[in-house]
Structure formats: structure tokens, C-alpha cells
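The values are calculated or read from the model by the stated rules, or taken from the named source; none is laboratory data. Quick caveat: nothing in here was measured; it's all calculated off a predicted structure. For neighbour counting, all protein chains shown are included, and Cβ atoms are generated from backbone atoms with ideal geometry for every residue, glycine included. Heads up: the accessible areas ignore ligands, DNA and RNA and are worked out on the full protein's heavy atoms, side chains in. Shrake-Rupley method; radii C 1.70, N 1.55, O 1.52, S 1.80 Å.
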Amino acid sequence: INPHFLYNTLESIKFRAMHNDVEGINRIVLALAAMLRYSVRGGSQEVPLSEELDQIRHYYTIQKIRLRDKLELEWDIQEEALDGRALKFILQPLVENAIEHGVLQVQTGGTVSVAARLEPPCLVIEVSDNGVGMDREELEALRASLSREDTNERGAGGVGLKNVYQRLRLFYRGKASLEVHSSLMKGTKVRMQIPLQR
């Protein structure tokens, strides 16, 4: 979990406490507690997609309270995909990138969409936004940076996207893929294909 996210969440709790928004405080604390429990829980590196989606719901609850009308979340989840297995913590960095590098850069009407479906032999997951997007040069630089070994390099997607890409590549031994598509002022889409069986 990004430390800046934790800091902003705690700041939101403090702000709401100062203004006696008890319901808002309760929702933020419950969502953060659920995310922290998930992060320290042991077990397999892979989890059902439904568990990853629950984490996105908790994350969205917190961000929605903070950003209000500037953020909406849309779902397009095929029911059969819910039991598909994915790496733990694979979606939250993508949604965070969509918010920070896409939605927050537009004035109003920011939307993040999460879609998932089975396309045997893969589970396909897409996270997209209607934010500022990237021009061709920025997009090519981001794509090139994903495959480089320097994990400290920061680009348009920060280290979160690179971390997701490297984890997919290593865990699934090259059988998973991550693609980034973007157009300036038309948003960005990240598409992952995860093998249903390793």
C-alpha cells in the first residue's frame, strides 16, 4: 500500500473528526482496516479475483470520501471470472494509477472502470480511466520502462505499474501479459491476461 495513500487516509480521518462527520470517519476506518488485514494475511500469493475486487471497493470507499464528485467507479465483471485466480495486490496499484495520473488531472467527471472476463485460457482484467491520457512519446517511454530491470525508475505510471508488470512476469513465468493503451485527453487502459492454470 502506497505510504502517501495511508497518509492521505489518516488526514481524511483527522479532517472528518474535526468536523464531526462520524459516518464518514466510520466508513474510512472500516475500509482501511479491511485493506490492512488483507495486506498482512498470509497464505497463497494467488487469490480469487473476487477478493481483489473487494480490496478495490474498500480503496474506492476511501478515495470517494476524499475526492467526492471528482471520482466514479464503474464495474463490468463477468460472474464466471470471480473465481479466477490472480496475484494478490495486482489491481489496487492499477486503480491508484488511474486516479492519480488520470482522473485527478481532469476538472470533473473522472471515471475509473474495472472489467474482468474469462477468455480461456486466460482471465482478462482491464482497468481504464477517462483522464488526461498520454501522447505517443510518453506511452512508448512507459512501455519501454516496464521491461527494464531498474525497479526504482519513475515514469508516468510510477513504480506501481512496473511492480505489477514484474510480478506478473516472474510469478507466471512469462505466460501472463500486461499492455498499456493510451491517447492524449482520451484516457488510459491497462489490460492484463493471466493464465487460468499455471
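Of note:
- Here Asn2 fulfils each of the conditions (1) open to solvent by less than 40 Å² (accessible area, probe 1.4 Å); (2) at pLDDT below 80; (3) within 13 Å of Phe89 (Cβ to Cβ); (4) not small (Gly, Ala, Ser) apart from (1).
- Hits in the stretch 7-28 (condition: assigned to a helix (DSSP H, G or I), open to solvent by less than 100 Å² (accessible area, probe 1.4 Å) and over 15 Å from Gln63 (Cα atoms)): Ala17
- One residue from Val132, Val114 being within 18 Å of the chain's Cα centre (by Cα) and in a strand (DSSP E or B): Val114
- Residue match in the stretch 84-104 (condition: over 16 Å from the mean Cα position of the chain (by Cα), surrounded by fewer than 17 Cβ atoms within 10 Å (Cβ to Cβ) and touching a residue at least 24 places away in the same chain (Cβ under 8 Å)): no
- Cross-chain or 6+ apart pairs with Cβ under 6 Å, the stretch 64-81 first and farther than 15 Å from Ser113 by Cβ and open to solvent by less than 50 Å² (accessible area, probe 1.4 Å), then in a helix (DSSP H, G or I) and modelled with pLDDT of 90 or more: none
Yes/no matrix, rows are residues, columns are (1) in a loop (DSSP other than H, G, I, E, B); (2) at pLDDT 95 or above; (3) among the acidic types (Asp, Glu):
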| residue | (1), (2), (3) |
| --- | --- |
| Ile62 | no, no, no |
| Ile65 | no, no, no |
| Arg68 | no, no, no |
| Ala81 | no, yes, no |
| Val95 | no, yes, no |
| Leu104 | no, no, no |
| Leu123 | no, yes, no |
| Glu126 | no, yes, yes |
| Leu142 | no, no, no |
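- Among the residues of this structure, Ala141 does not count as one that is surrounded by 18 or more Cβ atoms within 10 Å (Cβ to Cβ) and either without any contact (Cβ under 8 Å) to a residue 24 or more places away in the chain or out of contact with any helix residue (DSSP H, G or I) (no Cβ under 9 Å at 6 or more places or on another chain) (or both).
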